Amino acid sequence: MSAATRKVGWLPWAAMAVVVIGALAFGTFAQHSLTPSERAQHVADTIRCPSCKSQAVSSSDTPASQAVRVLIRERIAAGDSDEEIRDFVDSRYPGQHLLLDPSGSGFSGLVWALPVVVVVVAIAGLTFRFRDWRPGALAVTDDDRSLVADALAAEDARR
Amino acid sequence: MNAALGSFGVVLGFVGSLGAIVTLAIGLRGNRPDLLRMARTYAFMVLGGAVVSFAAMERALITRDFSLKYVATNGSSATPALYNFATLWGALEGSILLWSLILAGFTVAVVLKFRARLTDPLVAWAMLTMFVVCTFFFGLMLGPTNPFHTLANPPLDGPGPNPLLQNHPLMAIHPPMLYLGYVGFTVPFAFAIAALVTGRLGEGWLVETRRWTLFAWTFLTIGIILGAWWSHEVLGWGGYWAWDPVENASFLPWITGTAFIHSVMVQERRGMLRVWNLSLLCATFALTILGTFLTRSGVLDSVHAFSDSTVGPLLLGFFAVIVVVTVGLVGWRGDRLRSPARIDSPASREGAFLLNNVVFAAFAFVVLLGTVFPLISEALSSQRVTVGVPYFERMTMPIGLTLLFLMAIAPVLPWRKASAETLRTRLLWPGWIGTAVLVFSLLVGARGFAPLLAFFLAGFAGGSALRQLALATRRQGIRGLFGRTNGGMIVHIGVLMVAVAFASSHAYQTEREARLCIDAKAGCPSTITVSGHRLTYLGATADVDAARREVGAKLRVDGQVYIPKIQRFPNGNQEIGKPTVRNRATDSVLIAMLDAPTKSGSVRIRVIVQPMIVWLWTGGAVMAFGSLLAAFPGSRRRPTDPVSASVEASGPAPEREPDPDRDPDPSSDPDPVPVGVDA
């Protein structure tokens with residue numbers, strides 16, 4: 001276990017951090033921009049097929065889905081942003097709630113906010129408990145000592 | 001005849017379960033060992049009933065007895081033997097029958113495993129709980145999901161199962177695997193209830209049920225992965241997981257079960273998290289029932305949904321009973337559940353497990369919320385909302401990345417407390433492995449922040465897992481691959497393969513639709529190249545038999561011939577595509593035929609190339625293999641022995657590898673701790 005006994009300082013970690021951050025930054029910013037058909041695919045992923053229950057436009061071949069795909073391609077050619085296209089398609093089918101992403105406002109905003117709130121509360125609660133869990137906070141009482149003594153005696157008796 | 005036999009079996013199972021409940025209750029009350037031992041007879045009675053019903057239904061299906069309503073609506077004389085056999089679990093009533101059979105099987109398995117201790121109140125209460133669950137499911141078959149309804153005027157033939165349920169052999173394997181997982185969680189649940197009722201809340205019952213939990217978890221994993229594979233092969237969109245309510249229903253107990261498998265180690269080692277572990281187990285079981293409700297009551301739109309029926313309120317009621325009973329029992333036993341131990345530092349194995357559990361709980365919460373939110377929204381604000389794939393992907397991606405990070409760090413953390421230096425030392429090589437994976441991904445052209453981060457963390461976590469395995473095998477030879485910690489690391493490697501496949505198939509999928517002609521003409525080539533794969537159209541095929549008609553397109557893909565098909569079954573006017581997949585370790589080519597080939601010699605196809613998707617299915621196999629290894633005892637140490645037993649107290653402790661599977665007391669008895677000692 002030579003690796004475990006050799007002391008490792010911060011230097012190799014700093015080197016690793018540089019490589020990782022550099023690689024991630026390069027990989028993030030050196031992306032080619034999406035082709036129109038890739039963009040159409042991404043937008044179609046987030047729109048529900050008007051004549052299906054929960055399938056996306058991108059994974060159904062119904063005439064309604066094909067119509068939506070045509071619509072998306074037209075808007076991309078017209079230079080709309082993804083968000084504008086989504087809103088446009090949704091407005092063309094009033095009352096159908098075609099967006100697979102629930103909107104962030106109103107009652108449906110809860111579906112986004114609740115998990116975040118729960119996680120924050122849980123982490124805060126645990127952090128609060130951790131302060132309590134410092135070893136220093138532990139005081140051994142006589143009750144504990146007698147518990148241990150009893151347990152040891154019982155163990156001896158069992159042997 | 002079949003109906004009579006089947007109904008007899010159901011009644012036998014129901015009466016046996018009820019009788020067992022009464023007998024065990026009286027036996028527990030009056031402390032009568034002779035009554036408690038009768039659990040064995042009752043268990044065999046229930047299994048006998050289930051086997052008779054199952055056999056009667058199979059016989060009806062195989063002999064095409066259309067006087068049974070189930071066979072008349074789901075069977076047909078043309079269905080091939082394998083799919084005909086599998087039709088038993090293709091619809092609601094039959095799926096409850098399969099559930100009952102597996103449940104009865106588990107009941108008998110528990111009785112046999114604990115045959116010497118049936119008079120122990122803990123085991124008796126566990127048996128009682130199992131029989132209550134049995135009563136519920138056999139009761140369902142007497143009421144709303146009776147599979148043995150008969151028809152006064154039987155038709156001459158039936159429509160056969162849904163076409164999508166008879167065009168892939170996984171139909172015969174995936175549902176039973178999934179049910180083995182679902183139903184298997186009844187056993188640890190029963191012991192958890194028994195521990196709460198008897199007040200014996202030490203670690204004994206946990207140790208008893210550890211392998212049962214692992215067994216159920218393994219089959220649930222296999223079931224889920226096979227389901228993903230099936231949909232990838234059949235649906236033709238390159239998808240394998242659509243966050244559909246039915247898929248989520250199977251995934252939810254998997255999440256809580258996985259959380260339990262981790263946090264239970266904290267309880268065994270340090271006696272902490274008792275309430276939490278009990279809650280996780282009970283939640284896992286409750287979620288299997290909730291999932292059954294969601295998928296069988298028709299309340300949610302799902303591509304998998306079973307037909308509407310009146311079974312919904314009953315399942316919801318049973319779910320409510322489970323929740324109320326569990327919460328009540330935990331509240332009642334709260335005083336005995338407090339643990340004297342403390343977590344010394346967040347940077348410790350137990351601290352990491354705790355964080356793991358927070359993340360898994362958040363995961364389960366997100367999936368549950370997203371699944372039922374349309375219902376909540378409609379009930380509370382009369383607003384219809386669709387919560388679809390984009391929501392789940394956006395919410396679960398940070399969770400998945402956090403879990404990858406934890407898988408990288410946690411396996412090297414010692415119990416109690418880790419110093420920064422320990423972490424620096426132990427994580428160095430795993431960290432460099434992750435960095436190498438990252439750089440390699442960049443070099444082969446991978447781009448984008450999230451997938452690259454996933455590859456880095458997966459490499460890092462893989463390094464940590466390999467480090468543990470290397471240390472264990474260096475010390476113990478081949479035995480270093482067995483046991484919970486080492487088997488668990490192999491499971492981790494499987495999970496990482498799945499994660500990498502998930503990230504790369506999502507981020508780097510190429511899709512193309514094209515019309516191909518046998519003779520190339522303007523605008524209609526005979527050969528196209530998609531992501532480096534050459535596809536050439538060779539001609540149409542056609543095939544007709546009693547079960548189906550199919551047309552196919554012969555294509556040469558990278559030199560080999562593949563035939564995507566479109567099938568039409570006699571019972572439907574719908575055409576079902578049967579895509580074909582060319583799998584390689586680096587990428588898969590999925591070809592779906594969109595329209596039947598034309599007389600003029602052309603065909604329209606969709607080609608989807610997804611990198612590394614094979615890693616998803618193989619990763620699932622690695623996970624199953626790892627949990628098999630984890631089920632074997634890795635060391636002779638009794639899991640409840642204090643781990644500090646043999647640590648030398650004198651001298652400054654050298655910086656050495658704490659060995660999770662070290663045997664501190666070689667003389668200790670290899671048998672698990674009897675349940676009695678933890679009272």
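General remarks:
- Check on A:ASP144, out of contact with any Cys (no Cβ under 7 Å at 6 or more places or on another chain), in a helix (DSSP H, G or I), more than 11 Å from every other protein chain (Cβ to nearest Cβ) and surrounded by fewer than 16 Cβ atoms within 10 Å (Cβ to Cβ): no
- Of all residues in segment B:435-462, those being within 26 Å of the chain's Cα centre (by Cα) and more than 15 Å from B:LEU403 (Cα to Cα) number 0.
- Against the numbered list (1) more than 20 Å from B:PHE136 (Cα to Cα); (2) crowded, with 24+ Cβ neighbours inside 10 Å; (3) of a type in the set (Gly, Ala, Ser), B:SER100 comes up short only at (1).
- Selected residue (criterion: modelled with the highest pLDDT) from residues of segment B:423-439 that are surrounded by fewer than 19 Cβ atoms within 10 Å (Cβ to Cβ) and more than 8 Å from chain A (Cβ to nearest Cβ): B:ALA436
- Selection within segment B:513-530 - among the hydroxyl-bearing types (Ser, Thr, Tyr) and either under 12 Å from B:VAL557 (Cβ atoms) or in a strand (DSSP E or B) (or both): B:THR527, B:THR529
- Inter-residue pairs, beta-carbon under 7 Å, first within 26 Å of B:LEU28 (Cβ to Cβ) and in segment B:121-148, second among the basic types (Lys, Arg), 6+ apart: B:LEU122/B:ARG200; B:VAL123/B:ARG117
- Put simply, of B:GLY158, B:GLY184, B:GLY139 the only residue that is more than 24 Å from B:LEU315 (Cβ to Cβ) and either within 21 Å of the chain's Cα centre (by Cα) or buried (at least 18 other Cβ atoms within 10 Å of the Cβ) (or both) is B:GLY158.
- Residue in segment B:550-557 that is more than 18 Å from B:SER526 (Cβ to Cβ) and assigned to a strand (DSSP E or B) present: yes
- Inside segment B:242-258, residues that are more than 13 Å from the chain's Cα centre (by Cα) and either among the hydrophobic types (A, V, I, L, M, F, W, C) or assigned to a helix (DSSP H, G or I) (or both) make up a count of 3.
- Condition met for B:ILE62 (closer than 25 Å to B:ALA152 by Cα and free of Cβ contacts under 8 Å to residues at least 24 places away in the same chain): yes
- If the condition is being of a type in the set (S, T, N, Q), more than 30 Å from B:SER504 (Cα to Cα) and in a strand (DSSP E or B), then segment B:558-593 contributes only B:GLN567.
- Qualifying residue in segment B:362-378 (condition: among the β-branched types (Val, Ile, Thr), surrounded by fewer than 21 Cβ atoms within 10 Å (Cβ to Cβ) and over 16 Å from A:LEU126 (Cβ atoms)): yes
- Of everything listed in (1) buried (at least 16 other Cβ atoms within 10 Å of the Cβ); (2) part of a loop (DSSP other than H, G, I, E, B); (3) more than 8 Å from every other protein chain (Cβ to nearest Cβ), the single unmet condition for B:ARG467 is (2).
- Close Cβ contacts (under 7 Å, 6 or more residues apart or on different chains) running from residues in segment A:97-117 that are at the interface with another protein chain (Cβ under 8 Å from one of its Cβ atoms) and surrounded by 19 or more Cβ atoms within 10 Å (Cβ to Cβ) to residues that are part of a loop (DSSP other than H, G, I, E, B) and of a type in the set (A, V, I, L, M, F, W, C) comprise A:PRO102/B:VAL385; A:PRO102/B:VAL387; A:SER108/B:VAL385; A:VAL111/B:VAL387.
- Hey, B:VAL303 facing another protein chain (nearest Cβ under 10 Å), at pLDDT 85 or above and farther than 19 Å from B:VAL133 by Cβ or not: no
- Search result, residues across segment B:343-390 that are free of Cβ contacts under 8 Å to residues at least 24 places away in the same chain and either more than 7 Å from every other protein chain (Cβ to nearest Cβ) or part of a helix (DSSP H, G or I) (or both): B:VAL358, B:PHE365, B:LEU369, B:PHE373, B:ILE376, B:SER377, B:GLU378, B:ALA379, B:LEU380, B:SER381, B:SER382, B:PRO390
- Unique match (being closer than 30 Å to B:ILE343 by Cα and either without any contact (Cβ under 8 Å) to a residue 24 or more places away in the chain or surrounded by 13 or more Cβ atoms within 10 Å (Cβ to Cβ) (or both)) among A:ARG129, A:ARG69, A:ARG92: A:ARG129
- Positions within segment B:3-18 being farther than 16 Å from B:SER100 by Cβ and either buried (at least 16 other Cβ atoms within 10 Å of the Cβ) or in contact with an Asp or Glu (Cβ under 9 Å, 6 or more places away or on another chain) (or both), in sequence order: B:ALA3
- Residues considered: B:LEU442, B:LEU452. Of these, the only one that is in a helix (DSSP H, G or I), free of Cβ contacts under 8 Å to residues at least 12 places away in the same chain and either among the polar types (S, T, N, Q) or facing chain A (nearest Cβ under 10 Å) (or both) is B:LEU442.
- Residue count for segment A:48-96, restricted to those that are within 14 Å of chain B (Cβ to nearest Cβ), closer than 22 Å to B:TRP243 by Cβ and of a type in the set (Val, Ile, Thr): 3
The values are calculated or read from the model by the stated rules, or taken from the named source; none is laboratory data. These numbers come from a predicted model, not from an experiment. Every residue, glycine as well, gets a Cβ built from its backbone with ideal geometry; the counts of neighbours run over all protein chains shown.
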